[in-house]
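The values are calculated or read from the model by the stated rules, or taken from the named source; none is laboratory data. Since the model is a prediction, treat every value here as computed from it, not as a measurement. Positions of Cβ are generated from backbone atoms using ideal geometry, with glycine treated the same way; all protein chains shown enter the neighbour counts. These area figures cover heavy atoms from the full protein model, side chains too; ligands, DNA and RNA do not enter into them. Shrake-Rupley method; radii C 1.70, N 1.55, O 1.52, S 1.80 Å.
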Amino acid sequence: QVQLVESGGGLVQPGGSLRLSCAASGTIFAFVNMGWYRQAPGKERELVASITAGLTTNYADSVKGRFTISRDNAKNTLYLQINSLKPEDTAVYYCNKYSIPYSSWGQGTQVTVSS
């Protein structure tokens, strides 16, 4: 059973930064293509960034140039550096595999951007 635990969210002002972390267990993390997702109130969950086992990254157009996904396979941890935060980035952020079948979703970490 794969377990995913997200952390690092918080309340920040527009223009601020956060670094989200996702600790994974129960899988051979290094071989798994991973993604960061977010779900804003009243909206569907969306993929915002992905990273393959070979370290190829991709980003949604809405976050390109502001978000950076990375991974530390030795620590079984996925990261998302978020810069230049905007109010529309407010959401619960989740990590999971990049494609189906997904692992069980963690509790996510709340990011709130507000002045």
Quiz item: Can you name the number of the only condition in (1) at pLDDT below 95; (2) more than 21 Å from Pro14 (Cα to Cα) that Pro41 fails?
Solution: (2)
Quiz item: (1) of a type in the set (A, V, I, L, M, F, W, C); (2) surrounded by fewer than 13 Cβ atoms within 10 Å (Cβ to Cβ); (3) assigned to a strand (DSSP E or B): which one isn't true of Val5, the others all being true?
Solution: (2)
Quiz item: What number of residues within region 37-52 satisfy the criterion of being open to solvent by less than 40 Å² (accessible area, probe 1.4 Å) and either under 18 Å from Thr90 (Cβ atoms) or not hydroxyl-bearing (Ser, Thr, Tyr) (or both)?
Solution: 6
Quiz item: Given the conditions (1) exposed (fewer than 15 other Cβ atoms within 10 Å of the Cβ); (2) assigned to a strand (DSSP E or B), and given that Leu55 satisfies all but one, which numbered condition is not satisfied?
Solution: (2)
Quiz item: How many of the residues in region 72-99 are in a strand (DSSP E or B) and either of a type in the set (Gly, Ala, Ser) or free of Cβ contacts under 8 Å to residues at least 40 places away in the same chain (or both)?
Solution: 2
Exercise. Among the residues of region 90-115, write down those that are small (Gly, Ala, Ser), within 11 Å of Val5 (Cα to Cα) and open to solvent by less than 30 Å² (accessible area, probe 1.4 Å).
Key: Gly106, Gly108
Self-check item: Given (1) more than 28 Å from Ser114 (Cβ to Cβ); (2) open to solvent by 60 Å² or more (accessible area, probe 1.4 Å); (3) not hydrophobic (A, V, I, L, M, F, W, C), number of the condition Gly65 does not satisfy
Solution: (1)
Self-check item: Within region 13-36, considering residues that are part of a loop (DSSP other than H, G, I, E, B) and over 22 Å from Ala53 (Cβ atoms), the one most open to solvent (accessible area, probe 1.4 Å)
Solution: Gln13
